[in-house]
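All remarks here apply to the structure that follows.
What follows is calculated from the coordinates using simple rules that are stated; it is not laboratory data. Here the structure is a predicted model, which is why all the values come from computation and not from measurement. A quick note on method: Cβ atoms are made from the backbone with ideal geometry, for glycine too, and the neighbour counts reach across all protein chains shown.
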Amino acid sequence: MLGSGAGVKRKRVVLSIAMKLQIVERAEKGESIAKLSSEFNIGNQTVRDIVQKKDELYKFVTSSDTFNVTSARKTTKGSKFDDLDRAVFEWFKQKRAEGCPVSGPLLLEKAKWFHSEMKIPEPFAASQGWLQCFKSRHGIRQLDIQGEKLSSDSDAAALYVTEFKRLVEAHDLSPDQLYNADETGLYWKALPSKTLVSKEEKSAPGHKSSKERITVLACANASGSHKLKLVCIGKSKNPRSFKGTQMRNFPVLYYNQTKAWMNREIFKDCFFKHFVPAVRDHLRFKNLPQRAVLLLDNAPSHPNENVLKTSDGQIFVAYIPPNVTSLKQPMDQGVLEAFNRRYRKSLFRSVLEEDGDLREFYKKWTIKDAIFSCSESWDDMPNLTFRKSWRKLFPDVMDSVENVNDSESQEITAASLLEEIQNVNGFEDVDRENIEEWLLSDNDQPGYQVKDDDVIAAEAKSRAELPEESDDDGVEDEPSEKKVSLEEALNCAETLLDFLEQEADSNFSDILTLRKLRTSIKLKRSKNTKQRLLSDFFKKTS
């Protein structure tokens, strides 16, 4: 009689990346190899191999920006044409954000176009096999076959309302736990185009101060009980007007980007460092379970839902389908427009409060003033405005506010502003039509960069042509600064990682980022070691 398990061949099990990460996390918490081996039906050595490759897994996850990547993928192997793949996916996400249909044949044609435009020397077959692999890599479940633009698909919108209700019920969420965020561009210096200042601007060659733009990210919950700090993105890291200001006392979260656009790195930072802690504090204050969902549109500046969730999965992101965003996204149902109007009114009232010349006021109005004005305008937004914005998507949100009179929610109209403006020096030629144009002047500013196809190709191509990292760039280091060795850097990273992992309140995203940095240092050290060994070998044999 054979002994227990003798001669029995275990069926080969292929684990997803998500399951491998579970094994790594549980092993690091002290669970035994034998227990994990039994539960996942894999060998003890396989468990050890997975744990040993944890840096590779974390590196893949933190650099991924695809839909459902860890739940479906079983390998970290990328595409043979990595740069082409990134360009096509960037194009795909932008088209989805615009509400444009993308069919399989169209995507294949675009892949061939990028291959040619980027002048990739290796031959590329835009086959159905490549398309299936592309969809699998990026978790694309289906491609649209309709020929019409999907921006106002009322049938899809009705279906999504039902789907959203199921999500709310499945997670037992109240209006306090439902959040929505969206970006808008803001011309923070813009005055009505028929003002004296604007006339003088038009006569000054190259003067475009009225078009100076920042991006504002607004986020609040469905009940209106929690309006998070605004996120403002400018071009400069340290604007002159910020000098002497303690940033911790700023009423908004300020970031900078070359063109003042939102991007995925900024959004991810906002989510983990600010959104999650603020939501947890609010839910704790309300004595509610630590669960919440953040609704987002499919803007290219938003990372995927696998990236934007807490380690326990209780605070997570859900994406609104591109073809129903304009119909159902709460922030698009009057919130951002109301915010912009309040900012415009605040800007004009600041003009009235200035005793000096209008032109002098305009010169002195800084981005810091604009940021404080944005914050005040946001804080003044009444709860009812937010609740009303959710009515199309979640009608139940209005049940608790029926027959509520909110005098603060009265709309700021062109007519009401004209009454204040028409008698002010320098505004004599402003009329109602001009005021309406001013109020809507930045409504078409999405807050993220809309790239032309050739720009996407050029960026992907330039990334492909970057030389490999080298420890010797041909420039002698200045002796004035201490050179930190790779060993010192690695020791510091290990120590900081040990500290974060032993702290109960550590952010999972910070741990992943630090693991990624540690992996990068290890790879560079390994490369240096190989180069040194080869050098020693050749010296001995020469």
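Observations on the structure shown:
- Segment SER225-LEU523, extension gain: residue separation times 0.36 nm, minus the distance between their alpha carbons: 102.5 nm
- Treating r as the C-beta distance of GLN52 and THR495 and R0 as 22 Å, the FRET efficiency rounds to 0.55.
- Residues in region 326-354 that a label on GLU212 would reach, taking backbone N under 17 Å of a point 7 Å out along Cα→Cβ: 344, 347-348, 350-351
- Relative to the current alpha-carbon distance between ASP431 and PHE372, full extension at 0.36 nm per residue lengthens the span by 18.4 nm.
- Couplings for region 488-494, taken from phi via the Karplus curve 6.51 cos²θ - 1.76 cosθ + 1.60 with θ = phi - 60°, read 4, 4, 5, 4, 5, 5, 4 Hz in order; Gly and Pro are left as x.
- Computed FRET value (nearest 0.05) for ARG359 with ASN423, which takes r as the C-beta separation and R₀ as 22 Å: 0.75
- Amide H within-cut-off set for VAL317, under 5 Å, with H built and near neighbours excluded: LEU294
- Where labels lie 7 Å past Cα in the beta-carbon direction, separation of ALA458 and SER241 in nm: 3.1
- Per-residue extension of 0.36 nm, minus the Cα-Cα distance of HIS171 and ARG349, leaves a gain of 59.6 nm for this segment.
- Extreme residue, positive dipole direction of region 253-366, given options ASN287, PRO330, ILE320 (C-beta unit charges): ASN287
- Projected label points at GLU265 and LYS392, each 7 Å from Cα along the beta carbon direction, are separated by 3.5 nanometres.
- Cross-linked pairs LYS363/LYS451; LYS309/LYS516; LYS227/LYS392; LYS20/LYS522: Cα-Cα separations exceed 23 Å for LYS363/LYS451.
- Highest mean packing comes first when the peptides 157-166, 445-454 are listed by Cβ atoms within 10 Å, giving 445-454, 157-166.
- Placing R0 at 30 angstrom, the Cβ-Cβ distance between GLU25 and ARG248 gives a FRET efficiency of 0.35 after rounding to 0.05.
- Pairwise label distance in nanometres, LEU440 with HIS274, each label 7 Å out on the Cα-Cβ vector: 3.0
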